[in-house]
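Written out below as structure tokens is the structure these notes cover.
Each reported figure results from applying straightforward, stated rules to the coordinates on display, with no laboratory input. Treat the numbers as computed from the prediction; the structure is a model and nothing was measured. All Cβ positions, glycine included, derive from the backbone under ideal geometry; neighbour counts span all protein chains shown.
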Amino acid sequence: MAFHEKMAWFTLISFTVTYAIYFGIAAPAVEFGRNNMLDIVWTFGPVAAVHGLISGIGSAAIAIAARRDARNMADERDHAIDRKATTVAYYIMLTGMILVGVAGPFTLPPYKIVNLSLAVIVICQIVHDALVIHGYRRGSHG
Amino acid sequence: MAKTIHNNIRTLRFHADEMTQADLGERVGLTRQTIAAIEQGKYSPSLETAFKIADVFGVPLDQAFSWS
């Protein structure tokens, strides 16, 4: 398995698990609590910190385990796969942010706009990683 | 039926003293996994890389890659 595919698997799993916990447990707790903006910071902060820690340790572990591959710079196939995935994720991000940032302020409270913005970012990252994995497993041309 | 790119890299490696995928990759600036993907038809390399691969084996481009 290519080093960049391993990293995509790791990022996909860590993002999905971490933010499933946040949006499944932490975010609703905030919304049904005092609905204070600071509550979001105190809820999201630890989740983001744990995710950062997991990402750092996991990335280092994968790089050490695949020392030879990790030394290889990304080649043209890696770039081609990443370019396609990034293009799709970009349009999802664009659409999501327009919906949240333009339509949201008219109908939603601030804490929901913040959480929806986070959700859009997380969805983009998950779609990006899933497309990268698909590119490596099913093939990529051009 | 749609035409696709085929290649003879596996055969060319065999005739080049069983050159490894890693060796070929190193000589043309690709990873071993990308050479494997090209051999399996999972990735079509850029024109520049195709020329580089043909050059490593000292054959014309159409002996390394074909369109059929």
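Of note:
- Axis angle, to the nearest 10 degrees, between helix B:47-57 and the longest C-alpha principal axis of chain B: 50 degrees.
- Karplus-derived 3J(HN,Hα), 6.51/-1.76/1.60, for each residue of the stretch B:28-34, Hz, glycine and proline x: 10, x, 10, 7, 4, 5, 6
- Burial ordering of A:VAL41, A:VAL120, A:VAL127, fewest other beta-carbon atoms within 10 Å first: A:VAL41, A:VAL127, A:VAL120
- Normalising the Debye intensity of chain A to I(0), with uniform scatterers on Cα atoms only, and taking log10 at q = 0.10, 0.20, 0.22 Å⁻¹ returns -0.42, -1.19, -1.31.
- Karplus-derived HN-Hα couplings along the stretch A:126-133 (A = 6.51, B = -1.76, C = 1.60, θ = phi - 60°), whole Hz, x at Gly and Pro: 5, 4, 4, 5, 4, 5, 4, 4
- Counting neighbouring Cβ atoms within 10 Å and putting the fewest first, the residues A:ILE133, B:ILE5, A:ILE81 line up as B:ILE5, A:ILE133, A:ILE81.
- Convex hull volume per residue in cubic angstrom - Cα atoms of the stretch B:5-59: 69 Å³
- Note on the stretch A:57-127: semi-axes of the ellipsoid equivalent to its C-alpha gyration tensor, largest first and rounded to whole Å, are 35, 16, 6.
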